[in-house]
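Data first, discussion second: the structure below is written as structure tokens.
The values are calculated or read from the model by the stated rules, or taken from the named source; none is laboratory data. Since this is a predicted model, take the numbers as computed values, not measurements. Don't worry about glycine lacking a Cβ; one is built from the backbone with ideal geometry, like all the others, and counts go over all protein chains shown. Surface areas here come from the heavy atoms of the whole protein model, side chains and all, with no ligands, DNA or RNA. Shrake-Rupley method; radii C 1.70, N 1.55, O 1.52, S 1.80 Å.
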Amino acid sequence: MLELYARMIIRSLRLRLRRSLVTFLGVAVAVAALVILESIMAGVGDAMLENTVALHHGHIMASWEGDERLAGLRGADVLNRTQRAGMLVKDERQAPIRLYGIDPDKERKHTVVARKLIAGSYLAESDSVIIGQPTAEILRAAVGDTIVFWRHDARPETFRLSGIFSTAVPALDGQLAFVRQDSVQANRHEAAVFTSPGEDLDTLKRIIRSKLPREAIVRIWRESLAELNQLIELNQVAMNVVLVLAIVILAFGVSSTAFVSVDERSHEIGILKATGFTPANIVWLIVLEMVLLVGIAGMAGLVAGGLVVHLWSIVGLDLSRWTSDNPHFIASGVIYPRATFRAFALPLAVAIGCGLVASALPAWKAASASVTGALRQI
Amino acid sequence: MEGRKCLGNRGITADMNVVTVEGLDRIYGSGRTRVEALMEVSFCLAPGELSVLVGASGSGKTTLLNMIAGFDHPTGGTVRVLDQEIGVMGETALALFRRQHLGFVFQALNLIPTLSATENVELPLTLLGIPRSARRVRVCELLECAGLRDRAAAMPGELSGGEQQRIAALRAVAARPKLLLMDEPTSCLDSSNTADLVGLLLDLNQGEKICMLLTTHDQRVTRAVPRSIRLVDGRIADGQD
């Protein structure tokens, strides 16, 4: 029976070639568009995340009291930092600051501050300090000036201002200053951990926790950067809305095609029923035809969409014009679309689901039509 | 009639009528739009009997065939085919009943456009789950009998009207049904094709022992068939049992 269905369906699609092609193209384009859109949204999420964690936080941030340093982790880069709160003083002016002792080479590789210098150079000397533009304005400091870091419980330390940065993130520019790690002593430590995409952060968090003192605070970016997490989720919600709209449009398209197909074939359906096709046989015939057409078109859409995403993921999609002032795109406004499993599985499932659901009503109409009524249609 | 004699493997006996129509009414609409298409129609068809329904246009011939095939439901009375009451059967049961016991040939455009001549003839056998080799033997035998062997691979659009009707008749008898109903099968054919089709029907009736009932306006067909049932305004005028 399946062989009979297949023969009838394939020949029916060939017999009504123009209609089949129009439906095929419509579904293929819709699926390709969904694949591309999903991949772009995944790329936007990735870019927002990578840009934001590259500000300072890393994918996982740990902080603790004590002299321990977090050792290297497999599949991740660890940026150990020291941290002290105090005042930066120049002449009579002062600004509250959190002073970080960092490894300049590692930081340059993973974070954006070195790329966001608007004056001077990165931490070249052992007594160098870099500060944000708002802090420099408060202190009226320029590159080369001497700045004192003062804490009530320690003796003042003197640094030479080697650079001024501006990331456009007030919390970073106005509150943080960086020196070489070997130039400060501190008992508050911090580690920013950077991983590759797809790394299991929860497992890594557990490993990090096991290596640090019990009271250490370890947070994945999702926990610390709730606003970013919400933004990425919001993008996903927007994508889901687009998906629902696509489902509705696709369902209408497929359904109308199926209705036209059923109307065109009323006489044929009447003959089939007179020959012994049961209502269930008729339903299967109509539904399978639409599911086959939509399924093949969906696969073609996946291939086309996948190719576009692949090419785009190589050259990137430069959205700098719309992201240059956005704190979540500090390092780069270039998006690299990423083909996820969802980006491929969902559009195909949607297309086949639409074919199934949207052809059910026309199929039921065909199955329940009387033979005499159907035979009157030529 | 002879005594009870089993004719085949489907439990039909010689004294069992293939069709029994009793007091059949079919009324469409109500009030001023009421049309009495059939009124008090009663008759029987015996196994292997070849009969023709004649009457003017609108006399109820097609309606009566549709009632017997289960395409339409009676307003009153009963239609029994092989002792099964057709009017009370559900759609699926009717389809399965038709698949096994009934062949039908319409006026025109009888063939499934997506199937070749062979596949059209084969269709009822496929539905019955008969193996491919047995199907092919039966189809070859039928095509040979109708002189259409060389047209086996042709699609319906490549066949003439006469060839299409003969293929339709072959499809209707392929599964060796007990009853073959034909609604003006020759109305779209020229005299030569009509003669071919009538010849084929007579051969099939004699060879396959199938009970046949057809409607026609064609005197040549009426003359070739042993029994005529005449319908006038939805009632049997003559030919009733």
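Ranked highest first by the average count of other Cβ atoms within 10 Å around their residues, in what order do B:165-171, B:34-40, B:63-69 fall?
Working: B:165-171: 26.9, B:34-40: 16.9, B:63-69: 24.0.
By packing density, highest mean first, the sequence is B:165-171, B:63-69, B:34-40.
Report the Rg/Rh value for chain B, based on alpha-carbon coordinates and the Kirkwood definition of Rh. Could the numbers behind the result be given before it?
On the way: Rg = 17.6 Å, Rh = 18.3 Å.
A ratio of 0.96.
If you take the charge dipole of the protein assembly as shown about its Cα centre, with +1 on Lys and Arg Cβ and -1 on Asp and Glu Cβ, which of B:Val88, B:Val198, A:Ile102 is farthest toward its positive end?
Value: B:Val198.
Based on alpha-carbon positions alone, could you give the equivalent ellipsoid semi-axes of the range A:14-99 from the gyration tensor, as √(5λ), descending, whole Å? Write down the numbers at each step before the final one.
Numbers: eigenvalues 630, 72, 8 Å².
Semi-axes, largest first: 56, 19, 6 Å.
Which translational diffusion coefficient, to the nearest whole µm²/s, is obtained for the range A:230-378 from the Stokes-Einstein equation, given a Kirkwood hydrodynamic radius over C-alpha pairs, 4 °C and 1.567 mPa s? Intermediate values should be presented prior to the final figure.
On the way: Rh = 18.2 Å.
Here the translational diffusion coefficient equals 71 µm²/s.
Which one of A:Ile220, A:Ile232, A:Ile271 is farthest out on the positive end of the charge dipole of chain A, using unit charges on Cβ (Lys, Arg +1; Asp, Glu -1) and the Cα centre as origin?
Projecting each Cα onto the dipole axis, the largest value belongs to A:Ile271.
Give me the net charge of B:Asp25's neighbourhood, meaning all other residues with Cβ under 14 Å from the Cβ of B:Asp25; Lys, Arg count +1, Asp, Glu -1. Mind showing how you got there, number by number?
Details: positive: B:Arg26, B:Arg34, B:Arg235; negative: B:Glu22, B:Glu36, B:Glu40, B:Asp72, B:Asp233.
Net charge in that neighbourhood comes out at -2.
Run the dipole for chain A about the Cα centre, Lys and Arg Cβ at +1, Asp and Glu Cβ at -1, nothing else charged, and hand back the magnitude in debye, nearest 20. Write out the running numbers ahead of the final one.
Details: 38 positive and 35 negative charges, 251 e Å.
Result for chain A is approximately 1200 debye, rounded to the nearest 20.
Roll a 1.4 angstrom probe over the protein heavy atoms and tell me the percent of accessible area of the range B:164-241 that is carbon or sulfur.
Working: 1370 of 3110 Å².
Roughly 44 percent of what the probe reaches on the range B:164-241 is carbon or sulfur.
Please sort A:343-356, A:233-246 by packing, taking for each peptide the average over its residues of neighbouring beta carbons within 10 angstrom, highest first.
Details: A:343-356: 20.8, A:233-246: 13.6.
Output ranking for A:343-356, A:233-246: A:343-356, A:233-246.
Calculate the length of the line joining the C-alpha centroid of the range A:136-150 to that of the range B:98-112, in whole Å.
First find each Cα centre; the distance between them is then 98 Å.
Taking θ as phi - 60°, what are the ³J(HN,Hα) couplings along the range A:268-274 by the Karplus curve (6.51, -1.76, 1.60), each to the nearest whole Hz, with x for Gly and Pro?
The phi angles translate into 4, 5, x, 4, 4, 5, 5 Hz.
State the number of lysine pairs found in the protein assembly as shown whose Cα atoms come within less than 21 Å, restricting to pairs 8 or more positions apart or on distinct chains.
Taking the protein assembly as shown as the scope, the lysine pair count is 10.
Could you work out the helix-only [θ] at 222 nm for chain A, with each DSSP H run of four or more residues adding -39,500 (n - 2.57) and the total divided by the number of residues, to the nearest 500 deg cm²/dmol?
Working: 13 runs with 207 residues, N = 378.
Taking each H run of at least 4 residues, the total per residue is -18000 deg cm²/dmol.
Note the angle between two axes, namely the Cα long axis of helix A:2-15 and the longest principal axis of the Cα atoms of chain A, as a number of degrees from 0 to 90, rounded to the nearest 10.
Approximately 90 degrees, to the nearest 10.
Long-range amide H contacts for B:Thr186: which residues qualify at under 5 Å (H placed 1.01 Å from N, peptide plane, sequence gap of 5 or more or a different chain)?
none
Once ligands and nucleic acids are excluded and a 1.4 Å probe is used, how much of A:Arg93 is accessible, expressed in Å² to the nearest 10?
Approximately 90 Å² for this residue.
Suppose all protein chains stay in the model; what accessible area per residue would a 1.4 Å probe give for chain B, in Å²? Can you show the working numbers first?
Working: 10030 Å² over 241 residues.
Heavy-atom accessible area per residue stands at 42 Å².
Using amide H atoms built in the peptide plane, which far-off residues or other-chain residues are under 5 Å from A:Phe165 H to H?
Those qualifying (amide H under 5 Å, at least 5 residues apart or on another chain) are A:Ile118, A:Ile131, A:Gly132, A:Gln133.
Could you look at the range A:3-121 and say what percent of its accessible area is carbon and sulfur, using a 1.4 Å probe and all protein chains? Display every interim value, and only then the final one.
Working: 3000 of 5250 Å².
Here carbon and sulfur together make up 57 percent of the probe-accessible area.
Name the shape class, rounded, prolate or oblate, that the alpha-carbon gyration tensor gives for the range A:67-162, where a ≥ b ≥ c are the square roots of its eigenvalues, rounded holds for a/c under 1.5, and otherwise prolate holds if a/b is larger than b/c and oblate otherwise. Don't skip to the answer; put the middle values down first.
Numbers: a/c = 2.44, a/b = 1.48, b/c = 1.65.
In terms of gyration-tensor shape, oblate.
Please list, ordered by chain and number, the residues whose modelled amide H lies under 5 Å from the amide H of B:Met39; skip anything fewer than 5 residues away on the same chain.
B:Arg26, B:Arg235
Put one equal scatterer on each alpha carbon of the range A:114-160, apply the Debye formula with no solvent term, and list log10 I(q)/I(0) at q = 0.15, 0.32 1/Å to two decimals.
At q = 0.15, 0.32 Å⁻¹ the computed log10 ratios are -0.41, -1.31.
Can you tally the net charge around A:Phe344? Count Lys and Arg as +1, Asp and Glu as -1, for every other residue whose Cβ sits under 15 Å from the Cβ of A:Phe344.
Details: positive: A:Arg338, A:Arg342; negative: A:Glu38.
It works out to a net charge of +1.
From other protein chains only, count the Cβ atoms within 10 Å of every residue's Cβ in B:119-125, then give the mean. Working shown, then result.
Numbers: counts 4, 2, 0, 1, 7, 2, 0.
Counting Cβ atoms of other protein chains within 10 Å of each residue's Cβ and averaging gives 2.
When you take every Cα atom in the protein assembly as shown, what is the radius of gyration, and what is Dmax, the widest Cα pair distance, in Å?
For the protein assembly as shown, the Cα radius of gyration and maximum Cα-Cα distance read 41.8, 132 Å.
Which of the listed residues, B:Gln107, B:Met16, B:Ser51, is farthest toward the dipole's positive end in the range B:10-121, when Lys, Arg count +1 and Asp, Glu count -1 at the beta-carbon?
Result: B:Gln107, furthest along the dipole toward the positive end.
Can you give the average number of partner chain beta-carbon atoms within 10 Å of each beta-carbon in peptide A:264-272, as a whole number? Before the final figure, lay out each step's value.
Details: counts 0, 3, 0, 6, 6, 1, 3, 11, 4.
Mean partner-chain Cβ count within 10 Å for A:264-272: 4.
Using the crude model of +1 on Lys and Arg Cβ and -1 on Asp and Glu Cβ, and no other charge, please compute the dipole size for the range A:30-80 relative to its Cα centre, in debye to 20.
Details: 2 positive and 7 negative charges, 28 e Å.
Charge dipole, the range A:30-80, about its Cα centre: 140 debye, nearest 20.
For peptide B:103-116, compute the average count of partner chain beta-carbon atoms within 10 Å of each residue's beta-carbon.
Working: counts 3, 7, 1, 6, 1, 2, 6, 5, 2, 11, 8, 12, 5, 2.
If you average over the peptide's residues, the count of other-chain Cβ atoms is 5.
Tabulate in residue order the Karplus-calculated ³J(HN,Hα) for the range B:63-68, using 6.51 cos²θ - 1.76 cosθ + 1.60 with θ = phi - 60°, rounded to whole Hz; enter x for Gly and Pro.
Those phi angles translate into 4, 5, 4, 4, 5, 5 Hz.
Output wanted: per-residue J couplings in Hz (rounded whole) for the range A:28-44, from phi through Karplus 6.51 cos²θ - 1.76 cosθ + 1.60, θ = phi - 60°, x for Gly and Pro.
Per-residue couplings from phi come out as 4, 5, 4, 5, 4, 4, 5, 4, 5, 4, 4, 5, 5, 5, 5, x, 5 Hz.
May I ask for the accessible area buried between chains A and B, both sides summed, probe 1.4 Å, to the nearest 100 Å²?
Values: alone 19130 and 11110 Å², together 28040 Å².
The buried area between A and B, both sides summed, comes to about 2200 Å².
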